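Everything on this sheet refers to the single structure shown next.
Bear in mind that the values in this text are calculations on the coordinates, not laboratory data. Predicted model only: the values in this text are computed from it and were never measured. Note that we place each Cβ from the backbone using ideal geometry, even for glycine, and neighbour counts take in every protein chain shown.
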Amino acid sequence: MSISYSKIILKSGKDQSLKRFHPWVFSGAIKKTEGPLAEGNIVSVHANNGEFLGLGHYQIGSIAVRVFSFQEVAIDELFWKDKLRKAYQLRLDLGLTNHPDTNVYRLVHAEGDGLPGLVIDFYNGTAVFQMHSIGMYLIRNELSKYLKDIMGDQLKAVYDKSEKTLPFKADIEPRDGFLYGDTVAGLVSEYGNLFKVDWEEGQKTGFFIDQRENRYLLQQYSKDRDVLNMFCYTGGFSFFAMRGGAKSVHSVDASGKAIDLTRENVELNYPNDPRHEAIVADAFEYLRDIKDKYDLIVLDPPAFAKHREALSRALQGYKRINARAFEQIRPGGILFTFSCSQVVSKEKFREAVFSAAAISGRTVRILHQLNQPADHPINIYHPEGEYLKGLVLYVE
Ligand code: SAH
């Protein structure tokens, strides 16, 4: 088959990771290019000896190519539809597309679904696209149409929310907006708990779907406990705790908007429930003085490190907040602690939490080691995809 894409030729020895199906080509690995190149173009990647390695989207930046096919095939409607269909099939197999009391899930998880640069979250009929590559952004209307063909009546609207996630905005000036339909912000259900999701205004695609199973687990530990949900955002952990029979729940976030959202969501599920209090405060301040106030603490901070350079500062941050929790949690307390920074490995996160425990001198046991749920699958050849890490700890 003759494919007329521009070529990227790698330096000798730089083909190994692609041969192991790792989907990224770093700019430093490129020896030369052949043919015209514009951001978002499909390119074919070759070893120094000319051997074909893969097809992907080209972009200016440290990751120069995101490979979506390791076979020399036509990249057409059938190709993209097949990818989307496989992603959908997995969620169907997971029981998420027709779950009795959950109608929010991740439909496409970038590299985890062989679609680097593309994230799609499904909110009770509305698919929210979040593109991380220009190549995916350029075909957003096609992808929206293909998804509609696959999902039929299940899909009422597609909203594109890529403005903040695309690099080099200047050239293409992305604008968030509907690609199909126009449903306004709506209610979704996660294990029967209701959330108001605002994909137009909210963080990420509006909601952190990746904590679903962990919120559900927390519910089982909440009975008769005084709970602190630090970094609460939409308040998810809070009303799972309330459903689990918590004695009191304090939701804390530095953002007033997040606290409003939490209050609204708690009202939806537990109207006028005196057990809940929402507080605007900085975590580092608030955690200074919580001695023996809580016996269940959730720490789910934003990604402290977005880049490798910020790693050591981020690890200090994790150590500090966890040390505060270990020092002050009541005896017999339970700590749910998380990191969602991709550049912080499971091991590094553990080390930070272990040092924090050691500072407090308390006896600590690991009850669970948590991660992202199955609708955020990890491509086995792309370990970087394992970004959410959590520990559930019992503190004597
Ligand atoms: N636990 C949430 C997701 C947390 S997102 C869930 O289950 O959906 C991280 C949150 O931390 C954001 O809402 C952000 O406003 C908040 N945040 C960031 N920095 C903070 C700080 N220094 N103190 C308190 N909250 C902070």
So for CYS232, CYS340, fewest C-beta neighbours within 10 Å to most, what's the order?
-> CYS340, CYS232
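Loop only per DSSP, at most 16 neighbouring Cβ atoms within 10 Å: give me the GluC sites (Glu not before Pro) in segment 123-227, ordered by residue number. Present the calculation step by step, with values, prior to reporting the outcome.
On the way: sites: GLU142, GLU163, GLU190, GLU200, GLU201, GLU213; in loops: GLU163, GLU200, GLU201.
Filter output for segment 123-227: GLU163, GLU200, GLU201.
Could you work out the local net charge near GLU267, counting Lys and Arg as +1, Asp and Glu as -1, over the other residues with Cβ closer than 14 Å to its Cβ? Numbers along the way, then the final one.
Working: positive: LYS196, ARG263, ARG275; negative: ASP260, GLU264, ASP273, GLU277.
Charge balance in the 14 Å sphere: -1.
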Under 22 Å from the Cα of LYS156 - lysines, other chains or at least 8 residues apart | LYS81, LYS83, LYS86, LYS145, LYS148, LYS196, LYS204
In nm, to one decimal, how far is the modelled label at LEU94 from the one at PHE26, with both set 7 Å along Cα→Cβ?
-> 3.0
Give a quick list of trypsin sites (Lys or Arg not before Pro) in segment 226-330 that DSSP marks as loop, anything other than H, G, I, E or B, with at most 16 other Cβ atoms within 10 Å.
-> LYS247, ARG288, LYS291, LYS293, LYS306
Normalising by the residue count of the chain, find the relative contact order in percent from Cα pairs under 8 Å and 6+ residues apart.
-> 11
Any idea what the dipole of the chain comes to, in debye rounded to 20, about its Cα centre with Lys/Arg Cβ at +1 and Asp/Glu Cβ at -1?
-> 1100
Over segment 77-187, what is the mean sequence separation of C-alpha contacts under 8 Å (at least six apart), divided by residue count, expressed as relative contact order in percent?
-> 21
Residue-by-residue Karplus 3J(HN,Hα) for segment 365-376, coefficients 6.51, -1.76, 1.60, Hz, glycine and proline x = 10, 8, 9, 9, 10, 10, 8, 6, x, 5, 7, 10
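Identify the chymotrypsin sites (Phe, Trp or Tyr not before Pro) of segment 100-193 meeting these criteria: DSSP loop state and at most 14 other C-beta atoms within 10 Å of the C-beta. Mind dumping the intermediate values first?
On the way: sites: TYR105, PHE122, TYR123, PHE129, TYR137, TYR146, TYR159, PHE168, PHE178, TYR180, TYR191; in loops: PHE168, TYR191.
Sparse-neighbourhood loop chymotrypsin sites (Phe, Trp or Tyr not before Pro): PHE168.
Using 0.36 nm per residue of separation minus the Cα-Cα distance, give me the extension gain between LEU194 and ASP224 in nm, one decimal.
Result for the pair: 8.6 nm of gain on full extension.
Could you size up the charge dipole of segment 208-395 around its Cα centre, putting +1 on the beta carbon of Lys and Arg and -1 on that of Asp and Glu, and report it in debye to the nearest 20? Walk me through the intermediate numbers first.
Working: 25 positive and 23 negative charges, 107 e Å.
Using only the charged Cβ atoms, the result is roughly 520 debye.
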For segment 6-69, what is the relative contact order in percent, using Cα pairs closer than 8 Å and at least 6 residues apart in sequence?
-> 39
Segment 32-95 to segment 235-292: how many Å between their Cα centroids?
-> 43
